[in-house]
Amino acid sequence: MLLLRAITRLFRPDVPQGLVGHLEALRRTLLAMMAVLATAFVFCFCFVPQITDFLRRPVEQVQQRYETEHLPAGLAVTDWQAAKRWAALRPALSPAARRAAETTLPAAVRRLAEAVPPLQAVQLLPPGQRRAALAASAEDAPTQALLLDLYEAGAVLTPAADTQLMGVFRPAESFLLAVNLAFIAALVLSFPALLFLLLRFILPGLHPQERRVLKQALLWGSLLFLGGCAFAYAAVLPRVLGFFLRYAQELGIENDWRIGYYLSFAAKLILLFGAVFELPVLLLPLIRLGILRYELMRRTRAYAFLGCLGLALLLAPAPDPGTMLLLALPLYALYELSILFASRMKTKRPA
């Protein structure tokens, strides 16, 4: 009961007067923010497996897309992946177990599995001799055509796909990874509540007009932060992973990404876009208070666009132009929305 009273006391809105009273209010605000963050952390820690699967999904989607692009038309990527797994497993089975397992496999998977060993074997030959070796290894014309089609398409030959999330290498690494993921997820989940507590501490010292501005900033700040995180997960992260995957493939390097590094990279990228999408929240109070005018924002459009490009150049997680534009264009679109808001404020503001 005493603990419950102490927690509820942190959220009381009354603010004492005087310097000591304001320091006490600041202390209570910080403790309340810590309590909210800790509660969100405990909640997210209970769902770390689901959060991990959620962040791993873009890797699987990128790999699916990459393998589909490197298969002949008409072949299903799921059949090809099953064929690679079966081709890797088959040598370790006894003849009886192999025959029993093959009866359960679809005909397309068995046919593709027969093509995997010749394709892997010719990788040891010089490039100029591979086509002839594949043609000579085929027993009939359909098999020869399948082998040559797979070779020309550049089919991925590693058994478990070329992108693998490796295991941990230290005893406590998995636990520390779970703590890190739970903390980042707690920041995203509790951001609206943290922003509300911070603004609630600031509001008593402001004029009524300034209070209305900050209350609007609370709403839009929360929506834009969550929207930026969703945009990063759905649009930016798959493109970044695809860029790094293809770049490594061109260098002949396998993408054995360590799971701790990948999950930290993905979580920080999502947080970065959530923070960057807060641009209108920074501009909204300046516009409402008359510090930033519509005429000035309209005249500086070109400079704002260059600033968005420069910010994207510094913060983009991948150096390709497409990823930079995925960051720069939404930023500039948010700036244009701020200009529209400033135009509306200009018509409403009395002379």
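Overview of results
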quantity	calculated
Rounded to the nearest 10 Å², the accessible area of residue 202 at probe 1.4 Å	70 Å²
Segment residue 100-residue 268, length gained on full extension (0.36 nm per residue, minus Cα span)	55.7 nm
Residue 303-residue 34 FRET efficiency (beta carbon distance; Förster radius 35 Å; 0.05 resolution)	0.30
Accessible-area composition of segment 24-90, carbon plus sulfur, in percent [1.4 Å probe]	67 percent
Accessible surface of residue 215 - all protein chains present, 1.4 Å probe, nearest 10 Å²	120 Å²
Residue 212 accessible area, assembled protein chains, probe 1.4 Å, Å²	130 Å²
Heavy-atom accessible area order for 295, 173, 114, largest first, 1.4 Å probe	114, 295, 173
Net lengthening on full extension, residue 175/residue 60 (0.36 nm per residue, minus Cα-Cα)	39.1 nm
Nitroxide proxy distance, nm - points 7 Å out along Cα→Cβ at residue 47 and residue 293	4.8 nm
Net lengthening on full extension, residue 88/residue 141 (0.36 nm per residue, minus Cα-Cα)	16.6 nm
Estimated FRET transfer efficiency (residue 314, residue 223; beta-carbon r; R0 30 Å; 0.05)	0.75
Sites residue 133 and residue 108 - FRET efficiency at Förster radius 35 Å, r taken between beta-carbons, to 0.05	0.90
Mean Cα-pair separation over length for segment 19-163, i.e. relative contact order, pairs under 8 Å, 6 or more apart, %	29 percent
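The values are calculated or read from the model by the stated rules, or taken from the named source; none is laboratory data. This one's a predicted model, so the numbers in the text were calculated from it and none came from an experiment. With ideal geometry, Cβ positions are generated from the backbone for all residues, glycine too; neighbour counts draw on all protein chains shown. Note: areas computed on protein heavy atoms with side chains; ligands, DNA, RNA excluded. Shrake-Rupley method; radii C 1.70, N 1.55, O 1.52, S 1.80 Å.
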